[in-house]
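The values are calculated or read from the model by the stated rules, or taken from the named source; none is laboratory data. What you see is a predicted model; the values in this text were computed from it and never measured. So basically every Cβ, Gly included, is an ideal-geometry build from the backbone, and we count neighbours across all protein chains shown. Accessible surface areas use protein heavy atoms only, side chains included; no ligands, DNA or RNA. Shrake-Rupley method; radii C 1.70, N 1.55, O 1.52, S 1.80 Å.
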Amino acid sequence: MAVRKITLIGEDVLRREARKVKKLDKELHRLIDDMVETMREAPGIGLAAPQVGISRQLLVLCEPESDPVCLINPEIVEMEGNAYGEEGCLSLPGLYASVPRATRIRVLAQDCDGNHHEIEDHDFLARIIQHEYDHLQGIVFPERLDVLTRNALLEEWSAMRNGMRQDSTVTT
């Protein structure tokens, strides 16, 4: 297993729909293991393949004190309810916002062995899946916000990034 570099907002791979996984092979299993390791190291509770630069319909998640879950080619087929909840993103580190999400979802997906599953989740787990699923559709969470909040968040991100670049060029 290896920790992979997390792709930051602004990278093209985060703006386009990921391609379906067609082959479950050793390379895919290595990617899944690397994504779980990367998610834990970050630390995070979910990670989609585009966030490590790979345009594939694959996500991993891990609720606190649970085993990691892998969803391949997920499709949200039913959504119900609506609630706001605080979200952050490993591709937009350090920034958080209250994001509206469905409170109950039904998902069709394959596991890492290729078995097909229908999953129903509520509240926190449903929020995690929706957030990571958005990454597979080329959507980052600021797009789920009203325009004023989104613009303020992206301005804050830009200021943080500019500060990071300036700090990284200082030499002693």
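I need the full set of residues from segment 9-20 which are modelled with pLDDT under 95 and either touching a Leu at 6+ places or on another chain (Cβ under 7 Å) or surrounded by 17 or more Cβ atoms within 10 Å (Cβ to Cβ) (or both), in order please. Within segment 9-20, just I9 meets the criteria. Of all residues in segment 106-140, those being closer than 18 Å to E63 by Cα and open to solvent by 20 Å² or more (accessible area, probe 1.4 Å) number 12.
Within segment 145-170, residues that are under 23 Å from A83 (Cα atoms) have Cβ atoms under 9 Å from residues that are β-branched (V, I, T) and modelled with pLDDT of 95 or more in these pairs: L145/V99, counting only partners at least 6 apart in sequence or on another chain. Scanning segment 41-58 for residues that are open to solvent by 20 Å² or more (accessible area, probe 1.4 Å) and touching a residue at least 24 places away in the same chain (Cβ under 8 Å), we see that the one that is nearest to L125 (Cα to Cα) is I45.
Checked against (1) out of contact with any Ser or Thr (no Cβ under 9 Å at 6 or more places or on another chain); (2) open to solvent by less than 80 Å² (accessible area, probe 1.4 Å); (3) under 20 Å from E63 (Cα atoms), S91 passes all but condition (1). Sort out which residues of segment 73-87 are closer than 15 Å to R150 by Cβ and surrounded by 12 or more Cβ atoms within 10 Å (Cβ to Cβ), and write them in order of number. Within segment 73-87, E87 is the sole residue that qualifies.
Taking first residues from segment 103-125 that are under 14 Å from V69 (Cα atoms) and without any contact (Cβ under 8 Å) to a residue 12 or more places away in the chain and partners that are open to solvent by less than 80 Å² (accessible area, probe 1.4 Å) and part of a strand (DSSP E or B), the Cβ contacts under 9 Å between residues at least 6 apart in sequence or on separate chains come to H116/L108; H116/A109; H116/Q110; H117/L71; H117/V107; H117/L108; H117/A109; H117/Q110.
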